[in-house]
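Peer 1: Okay, here's the structure, questions in a sec.
The values are calculated or read from the model by the stated rules, or taken from the named source; none is laboratory data. Keep in mind that what you see is a predicted model, and the values were worked out from it rather than measured. Heads up, the Cβs are rebuilt from the backbone with ideal geometry, glycines too, and the neighbour counts pull from every protein chain shown. These area figures cover heavy atoms from the full protein model, side chains too; ligands, DNA and RNA do not enter into them. Shrake-Rupley method; radii C 1.70, N 1.55, O 1.52, S 1.80 Å.
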Amino acid sequence: FHLKEKDISYIDKRGFIKIKEHAYDFIRKNIASANPLNDGAQTPMRNHPVFIAQHATATCCRGCIEKWHHIKKGKELNENEINYIVCLIMEWIKKEYKKKV
């Protein structure tokens, strides 16, 4: 997984603070509940840097989060777990961004 030029442009226009806000929003709305709607298919593979980062960091669904990060499915994510996931996403995005600029 890698960011494309359109993803870099999006980051340049919005800034990292806004991207991080988007990451928190996406995780809280689509991943954090105990049983997310369409779990395993809720995160697109394109159209936002956070989505690409979620797949790259195995934070795209509760199954991947359980398998790779050992956070059990079937329970709502707490704030520490949400912060951990968003930090992973943002670190991956920043690393990818530096490769491209």
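Residue-by-condition table, conditions (1) touching a residue at least 60 places away in the same chain (Cβ under 8 Å); (2) β-branched (Val, Ile, Thr):
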| site | (1), (2) |
| --- | --- |
| Ile8 | yes, yes |
| Ser33 | no, no |
| Pro44 | no, no |
| Pro49 | no, no |
| Ala56 | no, no |
| Lys72 | no, no |
| Glu96 | yes, no |
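Peer 1: While we're looking at this one, here's another question. Among (1) assigned to a helix (DSSP H, G or I); (2) open to solvent by less than 80 Å² (accessible area, probe 1.4 Å), where does Pro44 come up short?
Peer 2: All conditions are met except number (1).
Peer 1: Could you tell me which of the residues Glu91, Glu96, Glu81 is open to solvent by 60 Å² or more (accessible area, probe 1.4 Å), modelled with pLDDT of 95 or more and at negative phi?
Peer 2: Testing whether each residue is open to solvent by 60 Å² or more (accessible area, probe 1.4 Å), modelled with pLDDT of 95 or more and at negative phi leaves just Glu91.
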